[in-house]
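**Q** Quick one: structure below, then a few questions.
The values are calculated or read from the model by the stated rules, or taken from the named source; none is laboratory data. Model, not experiment: these values are computed from the prediction. Cβ sites come from the backbone with ideal geometry, for glycine too, and all protein chains shown count toward neighbours. All accessible areas refer to the heavy atoms of the entire protein, side chains included, with ligands and DNA or RNA removed. Shrake-Rupley method; radii C 1.70, N 1.55, O 1.52, S 1.80 Å.
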Amino acid sequence: MKSDSIAFGVAGILFGLIAGWVIGSQQAALKPSPAAPAQAAAQSEPNAQPPAQLDEAKVTAFKTVAEKEPANSEARIQLANLYFDAERYQDAIQWYTEALKLTPNDINVSTDLGVCYYYINQPDKALAQFALSLKLDPKHAKTLLNVGIVKAFGKQDLDGALQAWQQVIQIAPDSPEGQAAKRALDSLRSAHSGANAQKPGD
């Protein structure tokens, strides 16, 4: 399931930088692009993994299947995954979009598409795509986890990020997503004492 690696790849890169971003935004009104936290993490972590090399043989094979079988969504998903892993997000968007036309209720593909929008600095489109995912399943933990990431880093909406991560914890507290959300909340609270844990009236 591609959304596992996407959600946790994004989360693993960004959660360690949440505290620094909050402090920086208070001091200098920073508004980093989505790529900025990932780039900073790559620079600060000597063992950071480089993007996967695009396997051209697999790409060719899956494209051949996709051309011969217009209704084959799996070939399109696999193509999108290959491009995503190689950080070729525009190409991934093309194939996730084609796959969604064939399987519009595939929540994982929908969420993966949203993550791609985030990586090309389109946080509003990312959040709109996540909203479509949540219409399919309002309790989809991976989607909610990514909503928090995009709100925190793409929109500088800390309250929105807190709410999204709290939902993850409420829905699946012992899951990997729930644990990641707890770490994110702890980072925000320790760095930003004024951050509200809950919306008024909740």
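**Q** Give segment 65-79 a look and list any residue that's in contact with a helix residue (DSSP H, G or I) (Cβ under 7 Å, 6 or more places away or on another chain), without any contact (Cβ under 8 Å) to a residue 40 or more places away in the chain and within 21 Å of residue 52 (Cα to Cα), or say none.
**A** Across segment 65-79, the qualifying residues are 75, 76, 78, 79.
**Q** Still on this structure, I have one more. Looking at segment 95-107 only, could you name the residues that are touching a residue at least 12 places away in the same chain (Cβ under 8 Å) and either surrounded by fewer than 21 Cβ atoms within 10 Å (Cβ to Cβ) or hydroxyl-bearing (Ser, Thr, Tyr) (or both)? Walk me through it before giving the result.
**A** In the first step, residues of segment 95-107 are kept if they are touching a residue at least 12 places away in the same chain (Cβ under 8 Å); the result is 95-100, 102-103, 105-107.
96, 97, 98, 102, 103, 105, 106, 107 - these are the residues of segment 95-107 that are touching a residue at least 12 places away in the same chain (Cβ under 8 Å) and either surrounded by fewer than 21 Cβ atoms within 10 Å (Cβ to Cβ) or hydroxyl-bearing (Ser, Thr, Tyr) (or both).
**Q** What number of residues within segment 119-150 are touching a Pro at 6+ places or on another chain (Cβ under 8 Å) and among the charged types (D, E, K, R)?
**A** Adding up the residues that qualify gives 0.
**Q** May I pose another question? Does residue 90 qualify as being open to solvent by 20 Å² or more (accessible area, probe 1.4 Å), in contact (Cβ under 8 Å) with a residue 24 or more places away in the chain and either in contact with a strand residue (DSSP E or B) (Cβ under 9 Å, 6 or more places away or on another chain) or within 22 Å of residue 63 (Cβ to Cβ) (or both)? Lay out the reasoning, then the answer.
**A** Numbers: open to solvent by 20 Å² or more (accessible area, probe 1.4 Å): yes; in contact (Cβ under 8 Å) with a residue 24 or more places away in the chain: yes; either in contact with a strand residue (DSSP E or B) (Cβ under 9 Å, 6 or more places away or on another chain) or within 22 Å of residue 63 (Cβ to Cβ) (or both): yes.
Against the criterion (open to solvent by 20 Å² or more (accessible area, probe 1.4 Å), in contact (Cβ under 8 Å) with a residue 24 or more places away in the chain and either in contact with a strand residue (DSSP E or B) (Cβ under 9 Å, 6 or more places away or on another chain) or within 22 Å of residue 63 (Cβ to Cβ) (or both)), residue 90 qualifies.
**Q** Further question on the same structure: For segment 105-127, which positions are more than 24 Å from residue 74 (Cβ to Cβ) and either acidic (Asp, Glu) or touching a strand residue (DSSP E or B) at 6+ places or on another chain (Cβ under 8 Å) (or both)?
**A** 124
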